[in-house]
1. Please give the contour-minus-distance gain from R113 to S148: 0.36 nm per residue of separation, less the Cα-Cα distance, rounded to one decimal in nm.
2. Could you tell me which of rounded, prolate or oblate describes region 167-226, using a ≥ b ≥ c as the square roots of the eigenvalues of the alpha-carbon gyration tensor, with rounded for a/c under 1.5 and, failing that, prolate when a/b is larger than b/c and oblate otherwise?
3. Any chance you could run the full-extension gain for A3 through S32? It's 0.36 nm times the residue separation minus the Cα-Cα distance, nm to one decimal.
4. If each of T76 and S155 carries a label point 7 Å out from its Cα toward its Cβ, how far apart are those two points in nm?
5. Give me the 1.4 Å probe accessible area per residue for region 63-205, excluding ligands and nucleic acids, in Å².
6. Give me the extension gain from E91 to D239: residue separation times 0.36 nm, minus the current Cα-Cα distance, reported in nm with one decimal.
7. Run the quick spin-label model on A42 and A201: label points 7 Å from Cα toward the beta carbon, then report their separation in nm to one decimal.
Amino acid sequence: MFAAERRQLILEMVRANGAVSLRELARVVQTSEVTVRRDVRALEAEGLLDRRHGGAVLPGGFTRESGFPQKSHLATAEKTAIADLAAGLVEEGEAIVVGAGTTTQELARRLARVPGLTVVTNSLLVAQALAHANRVEVVMTGGTLRGSNYALVGSGAEQSLQGLRVSRAFLSGSGLTAERGLSTSNMLSASVDRALVQAAAEVVVLADHTKLGSDTMFQTVPTDLITHLVTDEPAAHDDRAAAELQALADQGVRIAVAGGSAASAAADSGAGARSGRREMPLPGQRRTQGQPLRALGEAAVERERDRARVADLRRR
């Protein structure tokens, strides 16, 4: 494929989806990420799109929200790995809230195996994923259906969450920065997500690498309220994404990085999602073959190890 043809296809994908990762672009145009990065830089120089950490977005600074059909086909392997890892944070008998999104839908499919679980959600897709789980109770909020992401929003949804208290909230969004936290492109969705956060003792954000460094219109979770971030590993040369993760860790966010192949292997073997956790190197560092990735923030990693030890004792 000639460069002009590649760039036209890249531009069409970004216009159709709002935001596309370099990995996805490279897969579709059947070339390397290095070549796609050069194409994206050229298109940015012409003012046709903007670069973001690990991807490209529509020009203008703030990404618009894509519809569910488009988002469901973006970063699918990364979302699967993130969901595998996040499911390891949920224990038997817990009560949690799960927000709307394609990544949280993947999480819900894994939660169907957790006995005694109560899941409060405003997402029809999350509820559908859990509909046939025998030992999981699903509680739906009220509200008005927002068709683009199959979520219940509005005052009815927010009022139904008043007085609720659960152990954790699992949320995704359109962008995540250390400065502003999690954000989304829709005002109604942001308002419900804030109500979900108020109901939870801890907040777990699920965000693939394309969301890192992206900022959208409406803040949902400020950084100081994010307890955990579950993400996938950015490209080895993406120092900016690593710096964003470091900044989040410096503010006390516990970060777990899912390696796609490792998480999938752990799930297949029944070893549990936590064994798929990958630790990020500090910005500017490179890992060598066979060496474990270094932690983002020693205190955060130690807390994660403590949680793993407690979980092991409970399983015994």
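1. Length gained, R113 through S148: 9.8 nm.
2. Details: a/c = 1.79, a/b = 1.29, b/c = 1.38.
Judged from the Cα gyration tensor, region 167-226 comes out oblate (a/c at least 1.5, b/c at or above a/b).
3. Working: separation 29, 0.36 × 29 = 10.44 nm, distance 1.26 nm.
Additional length available on full extension: 9.2 nm.
4. 4.1
5. Working: 5480 Å² over 143 residues.
I get 38 Å² per residue for this part.
6. Working: separation 148, 0.36 × 148 = 53.28 nm, distance 3.45 nm.
The span from E91 to D239 would gain 49.8 nm if fully extended.
7. It is 5.5 nm.
The values are calculated or read from the model by the stated rules, or taken from the named source; none is laboratory data. Just so you know, these numbers come straight off a predicted model, no measurement behind them. No Cβ is skipped: glycine too gets one built from the backbone with ideal geometry, and neighbour counts run over all protein chains shown. What goes into the accessible areas is simple: the full protein's heavy atoms, side chains included, and nothing from ligands, DNA or RNA. Shrake-Rupley method; radii C 1.70, N 1.55, O 1.52, S 1.80 Å.
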